[in-house]
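Only one structure is covered here, and it is reproduced in the block below.
Bear in mind these aren't lab numbers, they're just calculated from the coordinates by the rules spelled out. Just so it is clear, the model here is predicted, and its values are computed rather than measured. Please note: Cβ atoms are built from the backbone with ideal geometry, for glycine as well, and neighbour counts cover all protein chains shown.
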Amino acid sequence: MHPMAGVDEAGRGPLAGPVVAAAVILDPARPIAGLRDSKRLRPEVRFELEVLIRRDALAWAVAEADVEEIDRLNILQATLLAMRRALLMLQLRPRRIMIDGNKAPQLADVFAECMVETLVGGDDLEPAISAASILAKTHRDRLMCDFDGCYPGYGLQQHFGYPTPGHLAALQRLGPSPIHRRSFAPVKLLLPL
């Protein structure tokens, strides 16, 4: 049995905070029921599954690319960087890597012997990718709740940085915080020229 790592991200669309990626190698002997795309799960179910994944997976890792990296590289490249970091942090070396979506990070230098595949909609099709999507989402949601305490008034605890009407109104009122992505149009428009 060659270990297979599933990889997914959370936080490509928000206007604030890092993008988070996770990599998970599930244990075929300890299947986890109920794994699916984290966006389709209620928050309390996500957190319950997170505990099981961390306990029962053969290996897992969570990594970030911060706001400066997102603004410098662009969101796609920052996402791929976070995915690469998560894979490099795994305690067990995979033989196969399956990534949600249609883009894979550059891995030939560090995982030359691995089969790397992308799978559109993989977070709902492949349990290891679902598990990665859950770890990335729960980690990021907790981070944004912490940031809510540092940068009050934006409602980060409610929308996790996504461009909701309330968030956009708070941006207009307060201006961007240090964790807002300056390369994203709604934030960029508020910056002094």
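Can you work out D for region 4-150 in µm² s⁻¹ from Stokes-Einstein, where Rh is the Kirkwood radius over C-alpha pairs, the temperature is 25 °C and the viscosity is 0.890 mPa s?
Details: Rh = 14.9 Å.
Stokes-Einstein gives a translational diffusion coefficient of 164 µm²/s.
Restricting attention to the alpha-carbon atoms of region 68-166, what are Rg (one decimal) and Dmax (integer), both in Å?
According to the Cα coordinates of region 68-166, Rg and Dmax are 15.7, 48 Å.
To the nearest 0.05, how large is the calculated FRET efficiency for Leu193 and Arg173 if R₀ is 35 Å and r is the Cβ-Cβ distance? Could the numbers behind the result be given before it?
On the way: r = 20 Å, r/R0 = 0.57.
Efficiency, from the Cβ-Cβ distance: 0.95.
Sum -39500 (n - 2.57) across every DSSP H segment of at least 4 residues in the chain, then divide by the residue count to get the 222 nm mean residue ellipticity, nearest 500. Please list the in-between numbers first.
On the way: 7 runs with 78 residues, N = 193.
When only DSSP H runs of four or more count, the value is -12500 deg cm²/dmol.
How big, in percent, is the set of alpha carbon pairs in region 138-178 lying more than 17 Å apart? Each step should come with its number before you reach the end.
Details: 170 of 820 pairs.
Summing the P(r) of region 138-178 above 17 Å gives 21 percent of all pairs.
Can you tell me the relative contact order of region 4-150? Whole percent, Cα pairs under 8 Å, sequence separation 6 or more.
Working: 295 pairs, mean separation 56.3, N = 147.
Result for region 4-150 is 38 percent.
Could you work out how far helix 43-56 tilts from the main Cα principal axis of the chain, as a 0 to 90 degree angle to the nearest 10?
Computed tilt is about 40 degrees.
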